[in-house]
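Working notes, structure below.
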Amino acid sequence: METINGFVHFWEQLPANERIIVDIIRQIVVENIPDTFKEKFAWNVPCYYGNRQVCIIWPASVPRGGFKEGVLLGFSQGRELQNKNGYIKSGNNKKIYYRIIKYVDEISEKEIKLLLKDAIAVDDKYKAK
């Protein structure tokens, strides 16, 4: 995959089965993070930053993701999130907690909104003083 220079360019590179999942997850994220947060591309995938990286959307078709199918929604300070319903897991990573979503019906807007709310609160702890 070539270097990505914006969301539309990124989206156009995805296979159709990942596009819809990415669209839905991104819409939930963008609608539920503060306007002060930024969408930036790192590793050719969209990452969302407040004071630090808060979350990432990584489709399997983008190299170096370490999985073969679906779209990963990861939370950078995952171990600090409440995650009461276990929607995300740590896998082998101690910092980023994630869920790999293979089908649209696996997307829980309610759970993602709860995790984002919690992630925003955790990110507030890292404000520059």
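Quick notes on this structure:
- Scanning the stretch 1-57 for residues that are outside any helix (DSSP H, G or I), touching a residue at least 60 places away in the same chain (Cβ under 8 Å), open to solvent by 30 Å² or more (accessible area, probe 1.4 Å) and of a type outside the set (A, V, I, L, M) yields Pro34, Gly50, Asn51, Arg52.
- Among (1) in a loop (DSSP other than H, G, I, E, B); (2) among the basic types (Lys, Arg); (3) surrounded by 12 or more Cβ atoms within 10 Å (Cβ to Cβ) - the single one Lys68 does not satisfy: (3)
- Among the conditions (1) touching a residue at least 60 places away in the same chain (Cβ under 8 Å); (2) in contact with a Gly (Cβ under 9 Å, 6 or more places away or on another chain); (3) more than 23 Å from Asp35 (Cβ to Cβ); (4) open to solvent by 30 Å² or more (accessible area, probe 1.4 Å), Tyr98 misses just one, which is (1).
- Filtered residues of the stretch 101-119 (kept if open to solvent by 70 Å² or more (accessible area, probe 1.4 Å), part of a helix (DSSP H, G or I) and not charged (D, E, K, R)): Leu114
- Within the stretch 71-95, the set of residues being outside any helix (DSSP H, G or I), open to solvent by 40 Å² or more (accessible area, probe 1.4 Å) and farther than 18 Å from Asn32 by Cα comprises Lys84, Asn85, Gly86, Lys89, Gly91, Asn92, Asn93, Lys94, Lys95.
- Scanning the stretch 120-129 for residues that are charged (D, E, K, R) and not in a helix (DSSP H, G or I), we see that the one that is farthest from Pro34 (Cα to Cα) is Lys129.
The values are calculated or read from the model by the stated rules, or taken from the named source; none is laboratory data. Because the structure is a prediction, the values reported are computed rather than measured. Ideal geometry is used to build each Cβ from the backbone, glycine not excepted, and the neighbour counts take in all protein chains shown. All accessible areas refer to the heavy atoms of the entire protein, side chains included, with ligands and DNA or RNA removed. Shrake-Rupley method; radii C 1.70, N 1.55, O 1.52, S 1.80 Å.
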